[in-house]
Every structure is written in C-alpha cells, then in structure tokens.
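The values are calculated or read from the model by the stated rules, or taken from the named source; none is laboratory data. What you see is a predicted model, and the numbers here were worked out from it, not measured in a lab. Here Cβ is always computed from backbone atoms with ideal geometry, including for glycine, and neighbour counts include all displayed protein chains. For accessibility, only protein heavy atoms count, side chains too; no ligands or nucleic acids. Shrake-Rupley method; radii C 1.70, N 1.55, O 1.52, S 1.80 Å.
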Amino acid sequence: MATENRINFWRRNAKVPGSVQPVYGAQHPPLDPRLRRTYPKDTKPKFNNLKSKKASSFHEFARSTNDAWDIDEEEDEDFLGLPAPTLSLPSGLHSTSSQNQQQHNQAADTDTGVSHRLAAPSMEAQNFQDVQEEDAECEHVNGKVVKSSSDAHLNASSVHSTLQKQQSLPVRPIIPLVARMSDQNASGAPPMTVREKSRLDKFKQLLASPNTDLEELRKHSWSGIPREVRPITWRLLSGYLPANKERRELVLKRKREEYFGFIEQYYHSRTDEHYKDTYRQIHIDIPRTNPLIPLFQQPVVQEVFERILFIWAIRHPASGYVQGINDLVTPFFVVFLSEFVTEDVENFEVAALPLDTQRNIEADSFWCMSKLLDGIQDNYTFAQPGIQNKVKALEELVSRIDEDIHNHFKRYEVEYLQFAFRWMNNLLMRELPLRCTIRLWDTYQAEAEGFSHFHLYVCSAFLIEWRKEILSMVDFQGLLMLLQNLPTIHWGNEEVGLLLAEAYRLKYMFADAPSHYKR
C-alpha cells in the first residue's frame, strides 16, 4: 500500500522538485563514524547481543556521546601550561599555532590517502582499514600524543603493518568533493548535457540582472546549483550578499574588513583564562574534521578553521563553541575555494593561493556559517533544547510514516536520541560524503527554514531509506551500530536527489505536523 501511494503521488505531482533515481547501498561499518567501511553484499558483521546502559538524563547522554578524545591528565596540563604556539596570520596579523607537528599529521594522512573510501573493499583492504582506523585515532598536540580510550592496544607492530599493507593496496579512483557541472555520481558522468547548459545559462541570467529575483533563484536552486555559480548563489541565498548587484562589492569589502577586525580585536585572547578551554577544544577538534581528506590536514586550513570557530564562539556567548559546529564550516570553505580552483579541491594546496584570496575565502566562510547558525542556534545553547525537540519530532513523524520501523525500535529498546542526536547536531554531515552535503545544502538554502524544518523530513526519508536493513537487525547493538554507521560512501547527486524528493513528498503529505516540528 505504501508503495502504491508513493507511485500515485509522483504521477499526480509531476512538477514536484527533485529527480527520482534508484538508490543503492551496501551494509554496515566500523566503530569510528568518520572511517566507514562497507561490507560485501548480503554479509553482515556479527555483534554480541549486548545492550548498552541507557543514559538516565539528557546531560548524561550528551556526555556519553562527547566527540572529544580523552586526554591524559598529564598531557592536558602540558597543553594548558605551554605558551600558545605561533600562527601565521594573513596580512601580518599576530597569532599563534604550531605547524611542524600538523605538517607531520598532514603527511601521514595524505600517505594513507582517501581512495579507500570508495568501492566495497576486498578482505585485504578491510584489514588495512582496521589498522588505519587505529592510526587515525591518534593525533599530536604540541608534540604530545592524544589518544582515545579505544587506542589503548595500539602498538608499534600495527603501525609497521599499516605501511606494509598500504604498499600492496591497488589504486582506486577518487570521487571529487564537489561534483562537476553535471549531476556526477560515484560511477562518473558525461560532459554537461543540453539541459544542464540551459540551467547554467538561466542562473547566469538571474545573477547578472541589476536586482536578482531571490525567489526565482531559490526555485532553480532546489534541484541543485551548477558548480560555476554555486559560490555567489550561496552568498545570496544565505543573506550574506544583497540582491542589488551594484552593492555587492561594497558589502563584501566591508564584511571582510569587519571579520579581520574581529581577529585583531579578539584572537589574542584565546590564551586568556576565560577562553583557553574554548580554544583548547577547538584546537583538538580541528584535526579531526574530515581526517581522511588531505585538504583539511593542511596547517594553513586548520589555522583558518581555528580563527573562524574561536571568533564565532566568543561573539555568541549564549552557546559558545559546541562540538559539531566545526563540521559546519567545511561546506562553505570548499565551495568558496572551488571558485578559484578548477581541479579537484581535496588535494589542492591552499597556501599556493594569493594571500588576499585566502583572506576572502576565510571571511566569507565565517559570515555564511554565522548566517546558518542564526537559524538553528537553539541546537547549541545550554542543554541543546533545539536538538531535543527535533529528535522528539522525528520520533513522532516516523511513527506516522512507518509504524513497522517505529515498533521495531520499541521492541529492541532503541531510543531515537541514541542515533538521531548526531543527525541533528551535525546536519547529517557525519552520515554523508562531503560532496553529498554540498548538494544537500543547495536545497536547504532554497527551502524556507531548510536547515531546521525541512531537515526533519530529510532525516525521516534518510531513516526509511534503510528500512530493509533496519528490520533485518534483531538485536539492540546491531541496530545501533547500523544506524550510527550507514554505508553511504558511494552516494552521489542522484542518491541525494532521490532523498530530497522523498523528503519533499513527506513534507507534502504530513503538512499537518504539530507546530513543535518547526522548532
């Protein structure tokens, strides 16, 4: 009946935005959500039928899902006791940060490569990934090794094994972070079609008009924005740039100068007693942002992220810095970088760009991220009430959309908060490849309340996409592992297009959702 209703819906609503393409996916993953591993078809990892102890309160749950790696007390004291290392700020601004160790980390991460994220791995590749996951869990801060508790059994032999296995791995193709003009999938795509060329021309026409029609721009952006015009379109849709073409250059100049004025005024205070904990947490989190992508392991990029996050945190004392906000910088940074890079950006050396260009990318990323967070700031204030409300809304919505899944969770005592907290906190960025997040955000910026209200329906559609795999899991731990590590590494624009089309269908069918769904 559900299938028949879905087919009839699309027949009756030919003009509903989004394209419908078949979705595929393999099964299951590893413990670290950033280092996903796919399994051969029809195989499932075996889990012990154990049940995790439930959190007795939201605060306890939040602590139990803390992303930060544990730091030994001695290492923590060393970090706080040492003077802040020196950062090379653009245009002579005085700042601090150590680069030698970060360059060491960058080299290690670049050596391991990004290629193992693609295609279902062989047994040899899976063994390599097992060791690589252990390696990736170890970072360096000022010469100190920072480890998670799961890293206790790592030894020198496993590191040596990593290098041996790495040399024997075949080279796999790289999927670009930012899809080309065509709707590129993991399998590749032909050159720009006539339809895509027509869409690009329409965008250019809208953007070139003296006063851009933002409603028309949103309508065309819903089904994806061509790569060439994505940077300026995102600036406009986020509210960072005015619709009037003549005012744009003046606004950009003023806002960029204002951002670097904040750095001159506040960034030196990161070592003050009041802010050192905030800076310390940012400093730890930055190397863990997309650790398998070489772009984000470059010292100059990590320094950019540190400045953006620290300035945002001290200018928003009601929330301050919360883990997860660091992820929200990356799509903006990649999109604005792609304006100056014709090749794939994931291996591009940002330091090769002119200094003024680097500064502009940094300032634009800060302001656009700030505009996004203005609409969902209750996600990050004390006790994160926005996330609690959204998770509850997701539970109620799924109970109406697919009663079988909802009852399956109840039967095995799986709480929505245990997997959906991250979906709301990170806007599905930990669940999808970055190229998919960028495509998803095209639509979010085109939708009214896209990052808050429409995201709820996207999460519902995303959950139901894995219906078969969810119902096949008959134990608590297996269900939780599946939900926290869904295998989407092969996803591209076609799969995201289907996800968004299904979310739109759900929004259309459940428009009578209670008012608290919109919080």
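Figures for the structure shown
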quantity	calculated
Spread of Cα-to-Cα distances over 10 Å intervals beginning at zero, given as percent, for region 407-519	13, 45, 34, 7
Region 241-299: C-alpha gyration tensor shape, a/c 1.5 cut-off, then a/b vs b/c	oblate
Cβ-Cβ FRET estimate between ARG411 and ASP201, R0 fixed at 56 Å, reported to 0.05	0.55
Extreme residue, positive dipole direction of region 419-501, given options GLY450, LEU463, MET429 (C-beta unit charges)	MET429
Over 18 Å (Cα to Cα) - which of LYS371/LYS392; LYS204/LYS245; LYS202/LYS245 fall in this group	LYS371/LYS392
Translational diffusion coefficient (Stokes-Einstein; Kirkwood radius from C-alpha pairs) of region 266-372 at 25 °C, 0.890 mPa s, in µm²/s	173 µm²/s
Peptides ranked, highest mean first, by Cβ atoms within 10 Å: ranges 452-461, 408-417	452-461, 408-417
Highest to lowest packing among 399-407, 354-362, scored as the average C-beta count within 10 Å	354-362, 399-407
Rg followed by Dmax, in Å, when region 339-470 is reduced to its Cα trace	18.1, 58
Length added when fully stretched, ASP213-ASN244, from 0.36 nm per residue minus Cα-Cα	10.2 nm
Alpha-carbon spread of region 406-447, three principal axes, descending order, Å	37, 19, 15
Cα gyration tensor shape of region 184-267, rounded if a/c is under 1.5, else prolate or oblate by comparing a/b with b/c	oblate
Cα gyration tensor, region 200-342 - rounded (a/c under 1.5), prolate or oblate	prolate
Solvent-accessible area per residue, Å², over region 281-404 with all protein chains present [probe radius 1.4 Å]	29 Å²
